[in-house]
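Following: one structure in structure tokens, then a few remarks.
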Amino acid sequence: MPSTSRCGQPLPLPADFDYVAWTTRPDDVPPLPNMSLREQNQENIRIENDNASSVGFTRAYENASKTGAAPDGLDLGPPLRPFYAYSDQAKDLLVFSDQLRSSVSPLPNFLTEYIASEQLKKAESDAAEKAKKERERAEKEAEKAKANQSILGTKVMKNPHLISSALKSPVKIPNIFLMSLHHDVHFPLHWWSDRVIKDAYENAGSIPTHQIDAEQTASLVKPEKVLVVDVPKAAKILGEEGDGPTLTPNEWRGASQKFSSLFA
């Protein structure tokens, strides 16, 4: 007659035996009446060790059965026992009181793992809270500094148009300047600076003008009236060569180049 396993079935056990269910510990049970925390720890340590030994026997039988050979002399471990449950208050005290843990030690492994996990959560929560406070403090300091800083330089232009001497386009010379030169009406060099030429081109009325008779080749033809710069009036606005207006070396070079290019 075949021998019987600890699970109550004949040996060898069938191939579809539920080893997972046999190695699953039952739910915790309430502690015994008047059971102290230290006594509870001692009992749970014994239960933990017994359960570990039982699981070891069961694993050995399962591994042997997978080879196809009859598990001679092997059997499942004894049924697992439930732990004595800890109240929420007791677990909180064990997590946060070093003195209590020391007085009721040793602790079962599963309780030590729980305490370490909860302490890690608390440490991470404290670190996150500290980082939040530091961030809020830094933001307040930044707002305070922003409120107290000078308004100069706080406006940032979006999509600025960069300008450099390499990208500067040639200044367009107005026709009134060209017509004046054509009819030998000359004016000071500083009138050929970018500032004056741009103003004359964009605001034609800013340069005073008057009409003169154009030079004729035939005496019988009535002289044509042409519009040129009124130099005396313009000199009062723009200044003559030695009346105060000055050119920097760079402006002098630019004015000379524009003036010379008309005769190239």
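The values are calculated or read from the model by the stated rules, or taken from the named source; none is laboratory data. All figures in this text were calculated on a predicted structure; none of them were measured in a lab. Ideal geometry is used to build each Cβ from the backbone, glycine not excepted, and the neighbour counts take in all protein chains shown. Accessible surface is based on the protein model in full, side chains and every heavy atom, while ligands, DNA and RNA are left aside. Shrake-Rupley method; radii C 1.70, N 1.55, O 1.52, S 1.80 Å.
General observations
- Any pair with Cβ under 7 angstrom, 6 or more apart, that starts in the range 48-71 at a residue that is open to solvent by 70 Å² or more (accessible area, probe 1.4 Å) and ends at one that is hydrophobic (A, V, I, L, M, F, W, C): Phe57/Leu76
- Residue, farthest from Tyr114 (Cα to Cα), within the range 14-47, restricted to residues that are of a type in the set (A, V, I, L, M, F, W, C) and open to solvent by less than 80 Å² (accessible area, probe 1.4 Å): Phe17
- Whichever residue in the range 1-13 is open to solvent by less than 70 Å² (accessible area, probe 1.4 Å) and in contact with a helix residue (DSSP H, G or I) (Cβ under 8 Å, 6 or more places away or on another chain) and, among such residues, is modelled with the lowest pLDDT: Leu13
- Among the residues making up the range 237-248, those that are more than 19 Å from Pro174 (Cβ to Cβ) and either modelled with pLDDT of 85 or more or among the hydroxyl-bearing types (Ser, Thr, Tyr) (or both) are Thr246, Thr248.
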